[in-house]
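Reviewing the structure listed below.
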Amino acid sequence: MKMHKASLFALYAVLELASDPERQLSATDIADKYGISTHHLAKVLRTLVRSKLVQAVRGAGGGYRFTGVINRTTLLDVIELFETLESDLDAPGPRAQEGEAVVEELQSITREIDGLTRAVLDTITLETALNGARQRARINAQG
Amino acid sequence: MTDQVTIRNARQSDFDAVIVLDLVGDPADKPAYWNSIFDRYVTAARAGRIFLVAEQSGEVIGFIVGEVRAWEFGSEPCGWVFALSVSPRSREMGVGQLMLTEMCRRLKKAGVATVRTMVDRENKLTLSFFRSQGLRSGRYVELEKPLDDF
């Protein structure tokens, strides 16, 4: 699976903001932390605001804060704001009828893979992902 | 909330409560299924077979069943959790976590280092719960096939 950049940036932003829903962060704060383009992240944040996962706080000291439900929102909920996750079997047509069965079989296999991918991403909530990240941070800190 | 919840071994007298808590499958099939489970995991309990219930104020509000399984397709002995349910009105209070933690403690005591389970991929509630407890896709892949052609 190759996730689009926008999906990845959205996950960075949502997880960062959801880790402390009281805190407000600017696009630059988040972009600097993950070494990504502020300009691209700002566009991603606009989509997150429209989806109501994130709120833009205007004025001095403004920024973004998380407004979703941390134990209900899954990674898939965030990713699907930016892409469908359906594998694109770029089979050029038209083809001879004899080739149809092979193409159908390959399409069936990609659907199987897509189903597994969705089953993983749709059952990991932001809370679970953050708990996992915190546990990793603790282990890393212990050396 | 969970400080009022007790996790204990299932007893034969829990039979009716477990059937009510089991929200999966055809209700008509439940008594026969649970009779066989109680026979093997409660009445004839052996080391490595674990059937626990969560009790609050004398009421059974959840159950979990697991066992040690070994050498299926070369697998080292591991713990298998094959049934888990919490009463809908007692959910999101940590009851499932208490039961799974106790199950894992007992499985480890029984000598295994890994716990496994299998959940319908459409069962988002249970899958999310196991994920939240740190379970991930393992090295064994479940495969299936309809037997219409046989």
Scanning the stretch B:36-60 for residues that are of a type in the set (S, T, N, Q) and within 23 Å of residue B:96 (Cα to Cα), which turns out surrounded by the fewest Cβ atoms within 10 Å (Cβ to Cβ)? B:57
Residues located in the stretch A:84-116, provided they are part of a loop (DSSP other than H, G, I, E, B), surrounded by 13 or more Cβ atoms within 10 Å (Cβ to Cβ) and either charged (D, E, K, R) or touching a residue at least 40 places away in the same chain (Cβ under 8 Å) (or both): A:85
Does the stretch B:102-113 include one or more residues that are over 12 Å from the mean Cα position of the chain (by Cα) and within 14 Å of chain A (Cβ to nearest Cβ)? no
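If a residue has to be part of a helix (DSSP H, G or I) and away from every other protein chain (no Cβ under 14 Å) to count, how many in the stretch B:130-148 make the cut?
0
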Exactly one condition in (1) surrounded by fewer than 19 Cβ atoms within 10 Å (Cβ to Cβ); (2) within 14 Å of another protein chain (Cβ to nearest Cβ); (3) out of contact with any strand residue (DSSP E or B) (no Cβ under 8 Å at 6 or more places or on another chain) is not met by residue B:88; state its number. (2)
Test: residue in the stretch B:61-73 that is closer than 24 Å to residue A:119 by Cβ, surrounded by 14 or more Cβ atoms within 10 Å (Cβ to Cβ), out of contact with any Lys or Arg (no Cβ under 8 Å at 6 or more places or on another chain) and of a type in the set (A, V, I, L, M, F, W, C): yes
Output the residues belonging to the stretch A:86-143 that are more than 25 Å from the chain's Cα centre (by Cα) and either under 30 Å from residue B:133 (Cα atoms) or within 12 Å of chain B (Cβ to nearest Cβ) (or both). A:141, A:142, A:143
Selected residue (criterion: farthest from residue A:115 (Cα to Cα)) from residues of the stretch A:1-14 that are out of contact with any helix residue (DSSP H, G or I) (no Cβ under 6 Å at 6 or more places or on another chain) and in a helix (DSSP H, G or I): A:5
Keeping to the stretch A:45-79, report how many residues are within 13 Å of residue A:21 (Cα to Cα) and within 14 Å of chain B (Cβ to nearest Cβ). 3
Do you know which residues across the stretch B:82-96 are free of Cβ contacts under 8 Å to residues at least 40 places away in the same chain and under 12 Å from the mean Cα position of the chain (by Cα)? B:82, B:96
Only one of A:119, A:137 is of a type outside the set (S, T, N, Q), outside any loop (DSSP other than H, G, I, E, B) and exposed (fewer than 11 other Cβ atoms within 10 Å of the Cβ), namely A:137
Could you please give the count of residues in the stretch B:20-72 that are at pLDDT below 90 and polar (S, T, N, Q)? 0
Would it be correct to say that residue A:41 is aliphatic (A, V, I, L, M) and either more than 14 Å from chain B (Cβ to nearest Cβ) or within 18 Å of residue A:6 (Cβ to Cβ) (or both)? yes
Could you grab me the full set of residues in the stretch B:116-129 that are buried (at least 16 other Cβ atoms within 10 Å of the Cβ), closer than 20 Å to residue B:23 by Cβ and more than 8 Å from chain A (Cβ to nearest Cβ)? B:117, B:119, B:126, B:129
Take the stretch A:54-70 and flag every residue that is surrounded by 13 or more Cβ atoms within 10 Å (Cβ to Cβ), part of a loop (DSSP other than H, G, I, E, B) and not hydrophobic (A, V, I, L, M, F, W, C). A:67, A:68
Taking the stated definitions as given, is residue A:23 at pLDDT below 90 and part of a loop (DSSP other than H, G, I, E, B)? no
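The values are calculated or read from the model by the stated rules, or taken from the named source; none is laboratory data. Source: prediction; values computed, not measured. Reconstructed Cβ throughout: ideal geometry from the backbone, glycine too, with neighbour counts over all protein chains shown.
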